[in-house]
Ligand SMILES: Cc1ncc(COP(=O)(O)O)c(C=O)c1O
């Protein structure tokens, strides 16, 4: 049986009914499936076949402590983007020598904290940052390993906010400057140059885009070596796209046609790996979404139906403060009923209670007719869901629950108004 399925017209995750979870813990509620996450990790690891590599989980995708412990337990490393994420990764059990620190704006105290804990490497993004890391490492009597994030000037497609490797983006240094910068960095007293890193964007759905990036980074590696800079490590970043449309199907649900064919990480990475494996480097990747997105569902409940001359609105108890992806990126999340009732389909806007027109989960969506009190599951919300939630409109954050087989555990309690 798949992780998510309708049985007796009730929607289930593993061996637990979503309806039961919604009743027991209230809504909005994030529910994660241990099996879905572990299966996705295995699929990613299998994509490498016999190629030696290290997968660093991008903690920014979902930083729940219990999920981090689970992922660390699978032997993965972690890529962190802040001192807070580093603290969480360390306390969740990721080995410091399997942690990298990425991000365009690392503070001095964050750099010192990372050096103190002897993480494997910093993925650096500017010459000023390298100078600061060198200075702090000198003061601490430490040596900092770095990988230079190169901007490959590749259009990874998708929403502009998740495309990170075009010339005009703030990320990395132009690939044309890699040799000059790393030659200089290699001469600094407290810096050890390990190699190069790229991360071209997120939710990338075409193997050809990764192949283009692999060919570009291979060219950078070759030029560095020709110029006398040894390259030991290549970190190929994250960004492996996942299926959002039509994730769950049932004869009573409207059919959702994907915009792009849903490819596995193995299919997305395959052509790129055929280039990267020949570089003679230690190879790593930093997936976030492809590890946790399918493993998470946001449960919400219909507060009101509102029919106007223009539209039918389903006003639900979840909002943009719980899941901002539709508002921020116009992201599509399939929304399905927790209970099927053979209801006719209708076109609705699914919106939250927050005082913004941007507070919506879906616009113009075909769904079975829903009533006040009905439960809904917003699918594929394990990545960039809870982590981007806020207290906007003084709304306490949702609880998080982890399902494993027949059992479930609250892995973060619901905030209360006293927590605000
Ligand atoms: C440096 C870096 N690595 C990895 C990731 C993870 O990307 P994804 O979740 O698309 O795999 C991100 C996401 O923004 C990132 O900025």
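Out of all the residues in segment 185-215, which are surrounded by fewer than 20 Cβ atoms within 10 Å (Cβ to Cβ) and either within 17 Å of residue 284 (Cβ to Cβ) or touching a strand residue (DSSP E or B) at 6+ places or on another chain (Cβ under 7 Å) (or both)? 186, 190, 192 - these are the residues of segment 185-215 that are surrounded by fewer than 20 Cβ atoms within 10 Å (Cβ to Cβ) and either within 17 Å of residue 284 (Cβ to Cβ) or touching a strand residue (DSSP E or B) at 6+ places or on another chain (Cβ under 7 Å) (or both).
Tell me whether segment 239-249 contains one or more residues that are under 23 Å from residue 98 (Cβ atoms), under 19 Å from the mean Cα position of the chain (by Cα), modelled with pLDDT of 95 or more and outside the structural domain of residue 384 (by TED's automatic domain parsing). Yes - at least one qualifying residue is present in segment 239-249. When we screen 215, 129 for residues that are within 15 Å of the ligand (Cβ to nearest atom) and modelled with pLDDT of 95 or more, the only hit is 129. Checking the structure you have, find out if any residue of segment 61-78 is over 19 Å from the mean Cα position of the chain (by Cα) and crowded, with 16+ Cβ neighbours inside 10 Å. Within segment 61-78, not a single residue is over 19 Å from the mean Cα position of the chain (by Cα) and crowded, with 16+ Cβ neighbours inside 10 Å. Looking across 29, 38, 115, one residue alone is surrounded by 21 or more Cβ atoms within 10 Å (Cβ to Cβ), farther than 30 Å from residue 179 by Cβ and away from the ligand (no atom under 16 Å from the Cβ). It is 29.
Screening the candidates 352, 375 for the property of being at pLDDT 95 or above, in contact with a helix residue (DSSP H, G or I) (Cβ under 7 Å, 6 or more places away or on another chain) and more than 16 Å from the ligand (Cβ to nearest atom) yields one hit, 375.
Taken over segment 305-342, the residue count meeting the criterion of being part of a loop (DSSP other than H, G, I, E, B), over 29 Å from the mean Cα position of the chain (by Cα) and surrounded by 15 or more Cβ atoms within 10 Å (Cβ to Cβ) is 1. Do the conditions hold for residue 225, that is, is it modelled with pLDDT of 95 or more, away from the ligand (no atom under 16 Å from the Cβ) and closer than 30 Å to residue 70 by Cα? So residue 225 does not fit the description; no. From the list 323, 299, 279, 338, the lone residue that is outside the structural domain of residue 9 (by TED's automatic domain parsing) and touching a residue at least 12 places away in the same chain (Cβ under 8 Å) is 279. Checking each residue in segment 265-299 for being under 22 Å from residue 35 (Cα atoms) and away from the ligand (no atom under 14 Å from the Cβ) picks out 266, 267, 297, 298, 299.
All conditions but one from (1) crowded, with 21+ Cβ neighbours inside 10 Å; (2) within 23 Å of residue 78 (Cα to Cα) apply to residue 232; the one that does not is (1). The single residue among 171, 236 that is over 30 Å from residue 377 (Cα atoms), within 13 Å of the ligand (Cβ to nearest atom), touching a residue at least 60 places away in the same chain (Cβ under 8 Å) and assigned by TED's automatic domain parsing to the domain that holds residue 268 turns out to be 171.
Answer yes if at least one residue in segment 129-141 is assigned by TED's automatic domain parsing to the domain that holds residue 60 and within 23 Å of residue 213 (Cα to Cα), and no otherwise. No, there is no match, as no residue in segment 129-141 is assigned by TED's automatic domain parsing to the domain that holds residue 60 and within 23 Å of residue 213 (Cα to Cα). When the residues of segment 49-60 are filtered to those that are modelled with pLDDT of 95 or more and under 25 Å from residue 278 (Cβ atoms), the one that is nearest to the chain's Cα centre (by Cα) is 56.
The values are calculated or read from the model by the stated rules, or taken from the named source; none is laboratory data. Computed from a predicted structure; not experimentally measured. Heads up, the Cβs are rebuilt from the backbone with ideal geometry, glycines too, and the neighbour counts pull from every protein chain shown.
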